[in-house]
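**Q** Following this message is one structure expressed as structure tokens.
The values are calculated or read from the model by the stated rules, or taken from the named source; none is laboratory data. In this text, all values refer to a predicted model and were calculated from it rather than measured experimentally. Heads up, the Cβs are rebuilt from the backbone with ideal geometry, glycines too, and the neighbour counts pull from every protein chain shown.
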């Protein structure tokens, strides 16, 4: 069976955010001990964007477009032209981590009204769509799929029959 070729990398936007978070953690630790003044956790690379420019807050501090393009590249090939499973896992981790930090930042700087509206929409959506049973089903399906016999390849390199 063919394997993909590594195409992913650890992107600077991911590394930079984690380095800054580590620095912030040290400063916030000193704040708790009353050794330093509490800092505002606004990314250094946020640029001149105002907090009221909601659609552009993620640029450049949390810009994930390059990581997304790298992910698409890894998923778009077949056989050795595709990326590896490790590529996909790493890129998803980088995108998800940066997105989670961006969402936390946006909520910390949102008005109470906006937070209430966002919370209601999210809770109602979870209730109306039965999303949680679907997540459990997906976890079970992944286990069941992984337990199936590995597939062999036929002479053309395509899918064959279970080994």
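**Q** Looking only at region 116-130, how many residues end up being within 22 Å of the chain's Cα centre (by Cα) and surrounded by 11 or more Cβ atoms within 10 Å (Cβ to Cβ)?
**A** Adding up the residues that qualify gives 3.
Residue by residue, here is whether (1) surrounded by 13 or more Cβ atoms within 10 Å (Cβ to Cβ); (2) over 24 Å from the mean Cα position of the chain (by Cα); (3) at pLDDT below 90 holds:
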{"position": "1", "(1), (2), (3)": "no, yes, yes"}
{"position": "22", "(1), (2), (3)": "no, no, no"}
{"position": "40", "(1), (2), (3)": "no, no, yes"}
{"position": "65", "(1), (2), (3)": "no, no, no"}
{"position": "85", "(1), (2), (3)": "no, no, yes"}
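**Q** Restricting attention to region 20-50, which residues are part of a helix (DSSP H, G or I) and closer than 17 Å to residue 104 by Cα?
**A** Passing the criteria: 20, 21, 22, 24, 25, 28, 44, 45, 46.
**Q** Considering each of 100, 110 in turn, give the residue that is modelled with pLDDT of 90 or more and either farther than 17 Å from residue 6 by Cβ or assigned to a loop (DSSP other than H, G, I, E, B) (or both).
**A** 100
**Q** Which residue is farthest from residue 9 (Cα to Cα), if the candidates are limited to region 67-83 and must be loosely packed, with under 12 Cβ neighbours inside 10 Å and at pLDDT below 85?
**A** This residue is 78.
**Q** Given the criterion in a helix (DSSP H, G or I), more than 30 Å from residue 12 (Cβ to Cβ) and either at pLDDT 90 or above or under 20 Å from the mean Cα position of the chain (by Cα) (or both), identify the matching residue among 94, 138.
**A** Within the list 94, 138, the selection yields 138.
**Q** Among the residues of region 1-19, are any assigned to a loop (DSSP other than H, G, I, E, B), more than 22 Å from residue 107 (Cβ to Cβ) and touching a strand residue (DSSP E or B) at 6+ places or on another chain (Cβ under 9 Å)?
**A** Within region 1-19, one or more residues are assigned to a loop (DSSP other than H, G, I, E, B), more than 22 Å from residue 107 (Cβ to Cβ) and touching a strand residue (DSSP E or B) at 6+ places or on another chain (Cβ under 9 Å).
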